[in-house]
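The values are calculated or read from the model by the stated rules, or taken from the named source; none is laboratory data. The structure displayed is predicted, hence computed values, not measured ones. Every residue, glycine among them, receives a Cβ derived from its backbone with ideal geometry; neighbour counts consider all protein chains shown.
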Amino acid sequence: MIRAHGLTKRYGPRPTKTAVDGLDFEVRPGAVTGFLGPNGAGKSTTMRMLLGLDAPTAGHATIGGRSYATHPAPLHEVGALLEARSVHPGRSAFHHLTALALTHGIPRSRVEEVLELAGVREVAARRVKGFSLGMGQRLGIAAALLGDPGTLILDEPVNGLDPEGVLWIRTLLKSLAAQGRTVLVSSHLMSEMALTAEHLVIIGRGRLLADTTVQEFVRASGAAAVKVVTPEPTALADHLAAPGVHITSDTPGTLDIHGTDAEHIGRTAAAHAIPLYELTPHSRSLEQAFMDLTRDSVEYQATTPLTGAAA
């Protein structure tokens, strides 16, 4: 289990910049936990403090009940991927993993096993400087798995992977969690997190915004919409009008209805002999819920280009 209590990190002389501000959360074994937040939210800084690479200004973090630095054989306890390119470029993939293995008495057979698992066995003799971004990521994941750890902390592991690689890492993370391991993974790909994670820890400007399951987070973010296509939109809207029901229309004959469900809409239409050509519930996506929650926490706001502007 990973625990953060009052975790705080400030940088620089006065005035200081607060990168992480009093974070409290737990990452429990048995489920993939997505660590989410906009750019500049403090995710990487938090991960570095979890791994003892940055000292917190206040608070503390433990993995398996103790700080990372006090684990006598950390590779057997925690596997981490923070920067896939932090490898000597002149080493081969095999020699990089072998050097790590020797620090913990890990046998050569395990090196070969993780090379195979990560899909880099065929390029194990090549120097890392010739690796693509995706192959570098696979090597970094192999290194994280080298000690068969009970805890995984991975920062953007799908970055640079092709579709097959994304599917591979998704399946791998879910299988590791199913074995009872603790898995914390950050990503900017909300669609991938919706498929991979069961729990979420979301931060913005260094502060905790949400600590909940994916399903509960999406459900609590707002009611689902129901798309209705009918030749009598005005009549149906009049019959559905009620406190808490919001109806909009961007296309003639089409209604987007919030605040009630498809069953009620269908029954109302039938009771008043209003034909329906389409009645489709649309649940909110994780991306929509995330954007709504973090809208005020985004450090850099882009603007929409003006239509017809000169190039």
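Below is a table of values for the structure above.
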item: Neighbours by Cβ (under 8 Å, 6+ apart or cross-chain): first from segment 91-113, free of Cβ contacts under 8 Å to residues at least 24 places away in the same chain; second among the small types (G, A, S) and assigned to a helix (DSSP H, G or I); result: P107/A101; R108/A101
item: Where a residue in segment 199-219 is in the same structural domain as G42 (by TED's automatic domain parsing) and closer than 16 Å to F25 by Cα and its partner, wherever it lies, is in a strand (DSSP E or B) and among the acidic types (D, E), with Cβ under 7 Å and at least six apart; result: V201/D211; G206/D21; R207/D21; L208/D24
item: Any hit, segment 72-86, residues being farther than 23 Å from A118 by Cβ and of a type outside the set (D, E); result: yes
item: In segment 173-195, residue nearest to T294 (Cα to Cα) [restricted to those that are at pLDDT below 95 and assigned to a helix (DSSP H, G or I)]; result: M190
item: First in segment 20-37 and over 12 Å from H5 (Cα atoms) and modelled with pLDDT of 95 or more, second anywhere and assigned to a loop (DSSP other than H, G, I, E, B) and among the hydrophobic types (A, V, I, L, M, F, W, C), Cβ under 6 Å, 6 or more apart; result: R28/M1; V32/A197; G34/A197
item: Some residue of segment 141-158 being more than 18 Å from A289 (Cβ to Cβ), outside any loop (DSSP other than H, G, I, E, B), without any contact (Cβ under 8 Å) to a residue 24 or more places away in the chain and of a type in the set (D, E); result: no
item: Top-ranked residue in segment 146-166 [being surrounded by fewer than 20 Cβ atoms within 10 Å (Cβ to Cβ) and modelled with pLDDT of 95 or more; ranked as farthest from V218 (Cα to Cα)]; result: D148
item: Residue under evaluation V128, criteria (1) touching a Lys or Arg at 6+ places or on another chain (Cβ under 9 Å); (2) surrounded by fewer than 20 Cβ atoms within 10 Å (Cβ to Cβ), criterion not met; result: (2)
item: Condition check for V298: modelled with pLDDT of 85 or more and closer than 28 Å to E216 by Cα; result: no
item: Considering residues of segment 7-41 that are aliphatic (A, V, I, L, M) and within 14 Å of D54 (Cβ to Cβ) only, the residue surrounded by the most Cβ atoms within 10 Å (Cβ to Cβ); result: V20
item: Strands (runs of 3 or more DSSP E) (entirely within segment 246-291) containing at least 3 residues that are at pLDDT 90 or above and surrounded by 15 or more Cβ atoms within 10 Å (Cβ to Cβ); result: 254-258
item: R138 over 27 Å from the mean Cα position of the chain (by Cα) and not small (G, A, S); result: no
item: Residue count for segment 220-241, restricted to those that are among the polar types (S, T, N, Q) and touching a residue at least 40 places away in the same chain (Cβ under 8 Å); result: 2
item: Condition broken by I106, with the remaining ones in (1) modelled with pLDDT of 95 or more; (2) under 30 Å from P13 (Cα atoms); (3) part of a loop (DSSP other than H, G, I, E, B) satisfied; result: (2)
